[in-house]
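Heads up: the structure comes next, in structure tokens.
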Amino acid sequence: MSPPTKGTPSPRRPRKPDEEKDWGAIARTILIWVVFLVGFPLLYTHLNKVSLSSIKEYTYSQFLSAVQEGQIKTVNIATEASGNRYAHGEYIIPGKDAGKYRVFIDLSFDRALAEELIKRNIPIEIKPLSGFWTSFLTGVLPFLIPLLILWFLFARQMRSMGRGALSFGKSRARLLNRDKNKLTFKDVAGIEEAKDEVQEIVEFLKDPKRFQKLGGRIPKGVLMIGPPGTGKTLLAKAIAGEADVPFFSISGSDFVEMFVGVGASRVRDMFEQGRKSAPCLIFIDEIDAVGRSRFSGIGGGHDEREQTLNALLVEMDGFDTQEGIILIAATNRPDVLDTALLRPGRFDRQIVIDLPDLNGREQILKVHVQKVKLADGVDLSVLARGTPGFSGADLANLINEAALLAARNYKKGIEMTELEEARDKVRFGRERRSRVMDEKDKEITAYHEAGHAIVMASLEHTEPVHKVTIIPRGNAYLGATMQLPEKDRYTYGRKKVLDELATYMGGRIAEEMTFGDITSGAYSDIRSATRLARKMVCEWGMSEKLGFIEYAERDEPVFIGREIIHGHDFSEATAVAIDQEVRRIIDECYACASKILADSKDKLVVLAKALLEYETLDGEHVTEIIQHGKILNPPRKPSPADAKRKQPAVTTEKANARATSKPVSPPPDTLPSPAV
């Protein structure tokens, strides 16, 4: 969508003086047409006179003598619009080249002249003389058409140069018209607190006088902070749609260009467009691209981004809220923004838009399922309980994937089966059945994942087992043991973290107990366990020896001009103690997992053989093996066609019903699910 032109006024206000038509451009256009309509006829007349200067003029008597002497080759009798006649044609002069003649005929064309011409076999043609415009068009059009084509191409080239080389300083903000901006607060779900905070902005844009008469000042800028996909841009569009005002949208990277000073010029032009369309909203997405903290570079070089930020700060100070311009920005990196940008008077209000909770996810799902066809019996509350940690974009992708899967299976509506499979696909990735493994690798993978599942299901503070598979899925190169939390969690106890650590050890221990050897398949388990144990010691204060002290390295951005290499804030002896504590925690968890698998070796074998037979097992199958030593309700065996299919196998309805009976949720980043 292109920026608004000067001559396009807002339908809600009268035309301003600076938005009148460009009379200079109109005058130039009229002048060009005058030159074409007047200049070319004059040029044609001049060229015609020049061409007639080489024609021999005859009197009528000379013309008759020339006919009798055989000097006339052809005769054409033409009549002018005024009624005068003249003869023209070619003549022959003995010993010389042929030429042209023209003679005015004042007398009537008599019979004797005709007989003389016929006697000498001279062709005669009598026709009315063409008018001026006919002669003009036939003579000028062959020259005029190429000139018009060249002028058209040259004008297009100049306009494209104007948009590129001559108009770098113009803002690239896109205007979302009121007719196209159909989004309102009804289309935004799951962020009720954020909508309440921006409600007064909508009321101000609808009725500014209600706030101005009380002396109230609406915030100049609103900064929306939150993870990607939580609806920051959607909320900004809904504000503009609810207030029914123009909405300018631009990305922070659009200000940065290879030419010095372009970014600052675009900032000024953007605010100028906003003043012409006031009241309006200006939305800057990913403002961290241009609003990062300023710093002094080495060598005194010119920083284009810093100059753009300075222009943005000045413009935000320059415009008044009484003008009706509200600036909204969005970022997921508030820690890198300049402090001058966040002070009161610029971005007065910061709105945190976090991942949706249980109720928010259910509301978001209800919004997205309005565009698809659901089958009977679909319970969105069950799906919402099984998707903690999902953003609004993830939930939209989930519904879309379920719709594609249902269409691929030739179903008339989306069932719970497709929704569950789409959830696993979005969270863990798609099954990759095309990867070929030999029987030995399959067996090792089966025992590895069985070890994870046995330890996970045996400990008290771990999350329930969701699925165990030896089919590669997502980032798992061999197999995966997936767990989903039962509810949204915001804190994690020490016992829970230790049980999660023990779960990581189960795969390596099962390999060593069964085959007397270990493989490299546990590399991700080792990495995840080490990071989690170090967080316990250095960040969470879960070590009795080191106590309630933070030893984590500062995660600050490194800028030119600052010290790049930072030393630790603790001594070498403390670093050694940290390493010893991390090692002690891991060794204790390793011993705990070893004891569990040693006591459940027979169950480990049964689970591994079941994985080799069925390839994928649900959490209740693992529970049945631990409690009864066998699977009471076995799943469907994979057929050879399933191994060739690229789409994941669909489980039975009974298995999916059992899977949805227990609400599950994805693990946090600090507690990733064990996967190989």
Checking ARG494, ARG430 in turn, the sole residue that is open to solvent by 10 Å² or more (accessible area, probe 1.4 Å), in contact (Cβ under 8 Å) with a residue 60 or more places away in the chain and farther than 16 Å from VAL622 by Cβ turns out to be ARG430
Restricted to the stretch 480-493 and to residues being at pLDDT below 85 and touching a Ser or Thr at 6+ places or on another chain (Cβ under 9 Å), the residue nearest to ARG583 (Cα to Cα) is GLN483
CYS538 fails exactly one of (1) at pLDDT below 95; (2) closer than 30 Å to THR445 by Cα; (3) crowded, with 17+ Cβ neighbours inside 10 Å, namely (2)
Of the residues in the stretch 179-210, those that are at pLDDT below 85 and either farther than 18 Å from LEU327 by Cα or hydroxyl-bearing (Ser, Thr, Tyr) (or both) come to ASP179, LYS180, LYS182, LEU183, THR184, LYS209, ARG210
Taking the stretch 386-417 and the residues there that are of a type in the set (D, E, K, R) and touching a residue at least 60 places away in the same chain (Cβ under 8 Å), the one that is nearest to PRO227 (Cα to Cα) would be ASP394
Note on HIS461: of the conditions (1) more than 16 Å from ASP587 (Cα to Cα); (2) touching a residue at least 40 places away in the same chain (Cβ under 8 Å), unmet is (2)
Counting only residues that are within 11 Å of ALA446 (Cβ to Cβ) and in contact with a helix residue (DSSP H, G or I) (Cβ under 9 Å, 6 or more places away or on another chain), the stretch 607-632 contains a total of 9
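Against the condition closer than 30 Å to GLY360 by Cβ, charged (D, E, K, R) and modelled with pLDDT under 90, how does LYS496 come out, does it pass?
Spelling it out, it is not the case that LYS496 is closer than 30 Å to GLY360 by Cβ, charged (D, E, K, R) and modelled with pLDDT under 90.
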Here the residues within the stretch 313-344 that are over 30 Å from PRO388 (Cα atoms) and not in a helix (DSSP H, G or I) are PHE319, ASP320, GLY324, ILE325, ILE326, LEU327, ASP338, ARG343, PRO344
Subset of the stretch 457-495, residues part of a loop (DSSP other than H, G, I, E, B) and of a type in the set (Val, Ile, Thr), comes to THR462, ILE470, ILE471, THR491
- [ ] Look at SER571 and say whether it is polar (S, T, N, Q), modelled with pLDDT under 90, more than 30 Å from ARG294 (Cα to Cα) and open to solvent by 20 Å² or more (accessible area, probe 1.4 Å).
- [x] yes
Going through the stretch 446-491 in order, the residues found to be closer than 19 Å to ASP618 by Cα, of a type in the set (Val, Ile, Thr) and out of contact with any strand residue (DSSP E or B) (no Cβ under 9 Å at 6 or more places or on another chain) are ILE454, VAL455
Exception for PHE347 within (1) open to solvent by 20 Å² or more (accessible area, probe 1.4 Å); (2) assigned to a loop (DSSP other than H, G, I, E, B) falls at (1)
#### Entry: Condition check for GLU421: touching a residue at least 12 places away in the same chain (Cβ under 8 Å) and either of a type outside the set (A, V, I, L, M, F, W, C) or under 18 Å from THR519 (Cβ atoms) (or both)
yes
Considering residues that are at pLDDT below 85 and among the small types (Gly, Ala, Ser), the number found within the stretch 457-478 is 2
Residue in the stretch 583-604 that is modelled with pLDDT under 50 and of a type in the set (D, E, K, R) present | no
Here the residues within the stretch 433-456 that are open to solvent by less than 60 Å² (accessible area, probe 1.4 Å) and modelled with pLDDT under 85 are ARG433, MET437
With criteria (1) farther than 30 Å from VAL267 by Cβ; (2) over 26 Å from the mean Cα position of the chain (by Cα); (3) open to solvent by less than 40 Å² (accessible area, probe 1.4 Å), ASN359 comes up short on (3)
In the stretch 371-401, residues that are at pLDDT 90 or above, surrounded by fewer than 17 Cβ atoms within 10 Å (Cβ to Cβ) and within 21 Å of LEU183 (Cβ to Cβ) total 3
Of the residues in the stretch 497-523 that are β-branched (Val, Ile, Thr) and in a helix (DSSP H, G or I), the one that is most open to solvent (accessible area, probe 1.4 Å) is THR514
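The values are calculated or read from the model by the stated rules, or taken from the named source; none is laboratory data. As the structure is a computational prediction, the values presented were derived from the model and not from experiment. In this analysis, Cβ positions are derived from the backbone assuming ideal geometry, glycine residues included, and neighbour counts consider all displayed protein chains. All accessible areas refer to the heavy atoms of the entire protein, side chains included, with ligands and DNA or RNA removed. Shrake-Rupley method; radii C 1.70, N 1.55, O 1.52, S 1.80 Å.
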